[in-house]
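The structure under discussion appears below in the form of structure tokens.
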Amino acid sequence: MRRQDAIRCIAMRHCIAVVGGGPGGLTLARVLHRHGHPVAVLERDPAPDSRPPGGTLDLHEGLGQLALDKAGLLAEFQALSRPEGQAMRILNPAGTVLRDWQPRPDERAHPEIDRGQLRDLLLGPLDVQWGREVAQVVPGTGDGVLVHFADGRQETFDLVVGADGAWSRVRPAVSPVTPHYTGVTSVETSLDDVDTRHPDLAQLIGDGSVAVYGANRSLVAQRNSGGHVKVYTKFRAPLDWHAGLDLADAESVRSHLLALFDGWAAPVLDLVAHGTAFAHRPFHVLPESHTWAHVRGVTLLGDAAHLMPPLGAGANLAMLDGAELAESIAADPEDLDEAVCAFEERMWARAGRWAKITTEGLERLVSPDPAEALALFDDVQPS
Ligand SMILES: Cc1cc2nc3c(=O)[nH]c(=O)nc-3n(C[C@H](O)[C@H](O)[C@H](O)COP(=O)(O)OP(=O)(O)OC[C@H]3O[C@@H](n4cnc5c(N)ncnc54)[C@H](O)[C@@H]3O)c2cc1C
């Protein structure tokens, strides 16, 4: 912990560490900062731009946008985000357009923002400690919660919040549960300068996303800012489906995917054929009802607490978790433990509801019957 923060911690009695500078951890830190409470953000990445930030996120009115409002950042989000990115076109594998949904000009239910833009917005004045990988967290030591870092150093805090994602190193301090594979995996690729280099594909994707659903597989292409497009193939497969395939060899992966989606319309396959690099992301989840017996001085939020299928909710929930925990602490700074208990009850109830929704959603989106995916779209999309 930095000297200035340490002095303020002593004055305010509580030293809080947030492990992980993703959407959840940064929102927690930013709202605490807004309430004048010092916090140490411990992030494994050596620098903010040490790896590509990932694709675009849609932030929902009652979730991610509410969290940004609590951080005092809603107006800046509205200026940066892309409401037109809510547009959604659905095709069948033959290339026939089945749905072509365009948002109204004033539609703000879930505009898109690039992950990198969101990270920078949340970072603002925060003094993140980059390159600080946490290895283990040990509660119940006489002085508080002991944090062991990967470089061998140790520090003690009053509260350690695990916002360190799916493979959390904080989680074992409160829960023995680990994520399990859903049976659905994803291979992701991307296209740059799509408007100039691939104008036909740019037209196919439009301002938002195009999704194509077949039996037990799907392909979604999503526009990010600056003409960048992320393409996600998803399919049911055993975890070791790539045995014998070199995932680092882009040409081999491309050929494998083109064979997997053989027979689909040429423009849809072009989204894979023109992809530059490929990343494999199997979908793991925590149990829908994951909770734990409260442990004094340690808690979790976001994916570390409730990893669920990526159906547009995870970052939103992580951010609202972060904002609500910060508000709970700010409302009751004298009793940190009580504030954390109240937060956990609220988070568990909300996460349980969303885990059920997203688990059922994944079953319908990557289903033996592609009509299920269309029906799900019709169920959730305002007409
Ligand atoms: C393809 C895809 C698309 C998605 N689209 C959406 C969407 O549109 N909307 C949405 O709401 N959600 C979406 N999600 C889900 C969303 O990405 C996650 O739910 C969200 O990022 C979780 O945020 P988090 O802060 O809990 O964790 P993370 O974003 O995983 O952040 C964890 C942070 O902790 C750091 N860290 C990890 N281990 C350590 C350690 N030991 N020590 C220190 N630091 C550590 C990591 O470097 C990282 O910065 C999508 C997910 C995927 C895979």
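Note on the stretch 205-309: enclosed strands (runs of 3 or more DSSP E) holding 3 or more residues that are more than 27 Å from A166 (Cα to Cα) are 209-214.
Anything in the stretch 273-300 that is within 16 Å of the ligand (Cβ to nearest atom) and either among the acidic types (D, E) or within 23 Å of L245 (Cβ to Cβ) (or both)? List them, or say none. Result: G275, A277, F278, A279, H280, R281, P282, F283, H284, E288.
Residues that are out of contact with any Lys or Arg (no Cβ under 8 Å at 6 or more places or on another chain), open to solvent by less than 10 Å² (accessible area, probe 1.4 Å) and aromatic (F, W, Y): does the stretch 287-296 have at least one? No, that holds for no residue. Filtering H274, H290, H294 for residues that are over 30 Å from V147 (Cβ atoms) and either aliphatic (A, V, I, L, M) or at pLDDT 95 or above (or both) leaves a single hit, H274.
Taken over the stretch 59-82, the criterion of being open to solvent by less than 30 Å² (accessible area, probe 1.4 Å) and either part of a loop (DSSP other than H, G, I, E, B) or within 13 Å of the ligand (Cβ to nearest atom) (or both) is satisfied by L59, L63, G64, Q65, A67, L68, A71, L73, S81, R82. The strands (runs of 3 or more DSSP E) found entirely in the stretch 83-175 that carry 2 or more residues being over 23 Å from G312 (Cβ atoms) and open to solvent by 50 Å² or more (accessible area, probe 1.4 Å) are 134-141, 154-157. The single residue among V97, V128 that is touching a Gly at 6+ places or on another chain (Cβ under 7 Å) and either at negative phi or in contact (Cβ under 8 Å) with a residue 12 or more places away in the chain (or both) turns out to be V128. Of all residues in the stretch 190-204, those being farther than 17 Å from G85 by Cα and either in contact with a Leu (Cβ under 8 Å, 6 or more places away or on another chain) or within 11 Å of the ligand (Cβ to nearest atom) (or both) number 2.
Sub-7 Å Cβ pairs linking a first residue in the stretch 257-273 that is farther than 15 Å from E188 by Cβ to a second residue that is modelled with pLDDT under 95 and among the aliphatic types (A, V, I, L, M), at least 6 apart or interchain, number zero.
Can you tell me how many residues in the stretch 27-45 are more than 10 Å from the ligand (Cβ to nearest atom), assigned to a loop (DSSP other than H, G, I, E, B) and open to solvent by 50 Å² or more (accessible area, probe 1.4 Å)?
Residues in the stretch 27-45 being more than 10 Å from the ligand (Cβ to nearest atom), assigned to a loop (DSSP other than H, G, I, E, B) and open to solvent by 50 Å² or more (accessible area, probe 1.4 Å): 1 in total.
Taking the listed residues D303, D332, D337, D321, the one that is over 30 Å from S218 (Cβ atoms) and either free of Cβ contacts under 8 Å to residues at least 12 places away in the same chain or within 16 Å of the ligand (Cβ to nearest atom) (or both) is D332, with no other qualifying.
Do you know which of the residues in the stretch 306-317 that are open to solvent by less than 10 Å² (accessible area, probe 1.4 Å) and aliphatic (A, V, I, L, M) is nearest to the ligand (Cβ to nearest atom)? For the stretch 306-317, the residue satisfying everything is A313.
The values are calculated or read from the model by the stated rules, or taken from the named source; none is laboratory data. Since the structure is predicted, the reported quantities are computational estimates derived from the model, not experimental observations. Glycine also receives a Cβ, built like all others from the backbone with ideal geometry; neighbour counts cover every protein chain displayed. Calculation scope for accessible area: heavy atoms of the full protein, side chains included, ligands and nucleic acids excluded. Shrake-Rupley method; radii C 1.70, N 1.55, O 1.52, S 1.80 Å.
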